[in-house]
Every structure is written in C-alpha cells, then in structure tokens.
Amino acid sequence: MMKEELETTNRPDNTAFTQQRLPAWQPMLSAGIVIPGFVLIGLAFIGIGVALFITSQNITVLEKDYTGVETTSDCYKCSNPSDKNCTCKLEFSLSTLFEGPVFFYYGLSNYFQSQRSYGASKDEYQLSGDLDYFKTPISACSPYQYDANQNPIVPCGSLANSMFNDTFKLYQIVNGTKKLVPFDGKGIAWWTDYNIKYRNPSVTPLKNAFNGTVKPSFWSKPAYELDTSDPSNNGFVNQDFLVWMRRAALPDFRKLYRRITEGDYARGLPAGNYSLEIAYNYPVLSFGGRKKVVFSNVSWMGGKNQFLGIAYLVVGSLCVVMSMVMLIVYAKFKFPEDD
C-alpha cells in the first residue's frame with residue numbers, strides 16, 4: 001500500500017510536456033535538401049573567407065626586434081642584465097603613410113603566461129582593494145608573498161612581480177631635428193578589468209594604504225607611483241598594469257602599449273624617418289625569449305589575421321566539394337526513397 005502511494009506521489013503530472021506528448025518535427029533529409037544546403041553553406045563561407053582575407057591583407061604591420069642578440073643592434077649593449085638604466089635606439093623609415101589609427105604593441109616570445117601556477121600567483125582580494133589582505137597576502141603569492149624582512153608585498157605574486165617595464169618614446173626625424181610623436185595610453189585595458197575586477201583602496205592619499213608594505217622586488221617604484229599625474233591611472237587601475245595582468249594564452253604574444261591618434265599623427269604616421277628610444281629594463285635572454293615592438297592599424301575585423309580568412313575558405317571549399325561528391329554518388333546510384 002505504501003509503495004503504491006509513493007509511486008503515485010512521484011509520478012509526473014499528466015500533461016503533454018511531462019509525458020512527452022508535445023508535437024515534434026524531424027527533418028527528412030534527402031539529396032534534394034542536403035546537396036543544395038551544402039552548396040549554399042560553402043558559397044557563404046567562401047564569400048566570408050574572401051572578405052576576411054582581403055581585409056587582412058590590407059592591414060599594415062611593422063615589426064622590429066630589439067632583443068639585442070645581434071651585435072649590430074644598438075640594443076646589444078643593453079642585453080647584459082647587470083647593466084641598469086640602459087637606453088637604446090631603434091631606427092626605421094616609412095616610404096608611405098602608415099594609415100591610422102596606429103596601435104603600438106610590445107611583444108614577447110617563449111614567455112608562458114598561461115602556466116597554471118604562474119597565473120594563480122596573485123591575490124584577488126588584495127587587487128580588489130581589501131586592506132586586510134595588504135597585511136596578510138594569501139599563500140598563493142609565494143615566493144613573492146613577503147620580502148626577506150617579512151614585510152608583505154603589494155601587489156604580491158609572480159604575475160605582478162614580472163610586470164613588463166620597458167618604456168618607449170617615438171620621434172619623427174624632420175630636417176635633422178626630433179619631433180615627439182604623442183602616445184595615447186587611455187583605455188588600452190579591458191573595460192571590465194578597469195571598472196570591475198581591479199580596485200584601489202578607498203584611502204586618501206592612496207600612498208597611506210600601502211603603509212607597512214613593500215613593492216614587488218622587480219619593480220622600480222611602488223604601485224601608488226605608477227602614474228602620479230593621473231589618479232584615475234594610478235595604483236591597481238593603472239592601464240599598463242591591467243594590460244599585463246590580463247594573461248596571454250600563447251607563449252608568443254603581444255600586448256597593447258599605446259595608440260597614436262593625436263595631433264599631426266591623427267591620420268597615421270607620415271612617410272619619413274623615425275627613431276624609437278627604448279628604456280631597456282626587461283630581461284628575456286635568460287629563458288631564451290625575444291622582445292619586439294609592433295606597429296599596426298586595424299579594420300572592421302580587428303588586427304591582421306590571415307588564418308581566419310583561410311579557415312573560412314577551406315571549410316567553404318570542402319562543403320562545395322562534398323556537395324559535388326554527393327551529387328555524383330546520387331546520380332550514379334539513385335537510392336530509392338524507401339531506403
């Protein structure tokens with residue numbers, strides 16, 4: 001008796017939805033549907049692929065390596081890690097207008113930001129402005145949790161400690177004189193990182209929030225001095241810091257450093273000679289890495305990416321080829337509809 005009552009209680013309601021009596025439709029695939037479908041899909045993919053490929057081809061990219069491995073490079077003198085505050089120059093020429101807006105990136109190779117323990121070596125609570133974690137960083141930050149005197153490191157962890165710190169100044173050489181090309185560093189980080197994920201402590205002045213803490217050992221200045229001229233770009237919401245903390249998926253990557261969109265260079269970089277002055281601080285030769293700078297413009301599809309267009313072309317071509325194969329098989333055998 002109890003078993004029958006229990007079964008009645010657990011039985012689903014007698015409705016079309018719970019008893020799976022809803023009307024259903026299942027397509028009956030035939031050669032007359034599949035073959036034209038493959039052709040239409042293939043042609044659509046080929047059209048998109050051609051548009052993407054042509055657009056990517058029209059994007060201009062200029063890459064320059066400045067690791068300093070070659071003895072002929074001006075940065076060779078800076079490749080020794082023991083040389084501090086070393087500067088070098090990278091000179092290049094443009095024969096035509098480099099259409100703007102121009103995006104200026106720094107690139108690193110053989111650098112595995114996606115490594116699990118490296119990416120986990122940070123304190124999310126600390127980076128969100130929680131002062132309790134300024135004094136006691138989480139253990140995931142080890143070995144960059146405390147310094148030799150047991151002072152807490154802020155921001156802690158391997159990811160923050162290894163922040164890229166080369167700096168750049170671009171000059172156009174006009175009649176033998178150097179003309180500074182203005183850089184725009186606003187809005188280069190993700191909106192969610194700047195407005196939601198990372199926050200400064202609600203302490204004024206910001207420096208007081210860091211009392212009793214020390215800066216990361218690799219940094220030349222503490223977080224509250226990353227940009228003293230602009231409070232909205234200082235501390236944990238500094239644009240360069242946010243760009244670095246957004247980890248790259250691949251070992252060879254580039255990160256946005258600045259945009260060139262102002263003054264005489266709003267339309268791009270005019271033809272002429274240029275000199276890029278580099279404050280060479282970031283060591284990469286110890287792990288076989290390389291450093292480069294990249295100038296690029298963008299289109300409606302983003303930056304230069306030939307793979308996407310090629311992928312669409314390959315898939316579209318395969319669809320068209322498969323439709324032809326299916327048409328030949330169907331024409332030769334003409335399977336009965338009942339089969």
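The values are calculated or read from the model by the stated rules, or taken from the named source; none is laboratory data. For clarity, every value in this text was computed on a predicted model and none was experimentally measured. All Cβ positions, glycine included, derive from the backbone under ideal geometry; neighbour counts span all protein chains shown. Please note that ligands, DNA and RNA were not included when accessible areas were found on the heavy atoms of the full protein model with its side chains. Shrake-Rupley method; radii C 1.70, N 1.55, O 1.52, S 1.80 Å.
I'm checking my understanding of the structure. Among residues of the stretch 215-231 that are open to solvent by 40 Å² or more (accessible area, probe 1.4 Å) and in contact (Cβ under 8 Å) with a residue 40 or more places away in the chain, which one is nearest to ASP264 (Cα to Cα)? Before you say what the answer is, go through the steps one by one.
Taking the stretch 215-231 first, the residues open to solvent by 40 Å² or more (accessible area, probe 1.4 Å) are 215, 217-218, 220-221, 224-225, 228-231.
Narrowing further to those that are in contact (Cβ under 8 Å) with a residue 40 or more places away in the chain: 215, 217-218, 220.
Values: LYS215: 39, SER217: 40, PHE218: 37, SER220: 33 Å.
The extreme case among them is SER220.
Return yes when GLN26 is without any contact (Cβ under 8 Å) to a residue 24 or more places away in the chain, on the phi > 0 side of the Ramachandran plot and either open to solvent by less than 60 Å² (accessible area, probe 1.4 Å) or among the polar types (S, T, N, Q) (or both) and no when it is not.
Details: without any contact (Cβ under 8 Å) to a residue 24 or more places away in the chain: yes; on the phi > 0 side of the Ramachandran plot: no; either open to solvent by less than 60 Å² (accessible area, probe 1.4 Å) or among the polar types (S, T, N, Q) (or both): yes.
Answer is no for this residue.
Here is a check on your reading of the model: is SER299 small (Gly, Ala, Ser), in contact with a helix residue (DSSP H, G or I) (Cβ under 8 Å, 6 or more places away or on another chain) and within 23 Å of PRO36 (Cβ to Cβ)? Before the answer, list the steps.
Numbers: small (Gly, Ala, Ser): yes; in contact with a helix residue (DSSP H, G or I) (Cβ under 8 Å, 6 or more places away or on another chain): yes; within 23 Å of PRO36 (Cβ to Cβ): no.
In short, no.
Of the residues TYR66, TYR76, which single one is closer than 27 Å to VAL102 by Cβ and within 31 Å of the chain's Cα centre (by Cα)?
Values: TYR76 fails: closer than 27 Å to VAL102 by Cβ.
Going through TYR66, TYR76 in turn, just one is closer than 27 Å to VAL102 by Cβ and within 31 Å of the chain's Cα centre (by Cα): TYR66.
Restricting attention to the stretch 186-211, which residues are charged (D, E, K, R) and either surrounded by 15 or more Cβ atoms within 10 Å (Cβ to Cβ) or over 29 Å from the mean Cα position of the chain (by Cα) (or both)? So that I can check it myself, show each step before the final result.
First, the residues of the stretch 186-211 that are charged (D, E, K, R): 186, 193, 197, 199, 207.
Across the stretch 186-211, the qualifying residues are ASP193, LYS197, ARG199, LYS207.
State all residues of the stretch 205-225 that are among the basic types (Lys, Arg) and out of contact with any Pro (no Cβ under 6 Å at 6 or more places or on another chain); if no residue qualifies, say none. Please lay out each step first, then the result.
Restricting attention to the stretch 205-225, the residues satisfying the condition of being among the basic types (Lys, Arg) are 207, 215, 221.
Within the stretch 205-225, LYS207, LYS221 qualify.
Please return the ranges of helices (runs of 4 or more DSSP H) entirely within the stretch 101-185 where 1 or more residues are open to solvent by 50 Å² or more (accessible area, probe 1.4 Å) and of a type outside the set (Val, Ile, Thr).
On the way: elements: 116-120, 124-127, 132-135, 158-161.
Helices (runs of 4 or more DSSP H) meeting the threshold: 116-120, 124-127, 132-135.
Determine which member of the set LYS77, LYS89 is of a type outside the set (Val, Ile, Thr), open to solvent by 90 Å² or more (accessible area, probe 1.4 Å) and not in a strand (DSSP E or B). Steps first, answer last, please.
Numbers: LYS89 fails: not in a strand (DSSP E or B).
The conditions single out LYS77.
With the structure loaded, tell me whether SER82 is outside any strand (DSSP E or B), small (Gly, Ala, Ser) and either at positive phi or open to solvent by 40 Å² or more (accessible area, probe 1.4 Å) (or both) or whether it fails that test.
The answer is yes for SER82.
Look at the stretch 58-74 and say how many of its residues are surrounded by 12 or more Cβ atoms within 10 Å (Cβ to Cβ) and in contact (Cβ under 8 Å) with a residue 24 or more places away in the chain.
11
Here are the criteria: (1) open to solvent by 30 Å² or more (accessible area, probe 1.4 Å); (2) out of contact with any Leu (no Cβ under 8 Å at 6 or more places or on another chain); (3) within 30 Å of PHE38 (Cα to Cα). Tell me which single one SER323 does not satisfy.
Result: SER323 fails condition (1) only.
Which condition number in (1) over 22 Å from the mean Cα position of the chain (by Cα); (2) open to solvent by 70 Å² or more (accessible area, probe 1.4 Å); (3) over 19 Å from GLU124 (Cα atoms) is the one that LEU250 fails?
For LEU250, the exception is condition (1).
Quick one: in the stretch 253-289, which of the residues that are in contact with a Pro (Cβ under 9 Å, 6 or more places away or on another chain) and either open to solvent by less than 20 Å² (accessible area, probe 1.4 Å) or small (Gly, Ala, Ser) (or both) is nearest to ASN80 (Cα to Cα)?
Among those residues, the one meeting the criterion is SER286.
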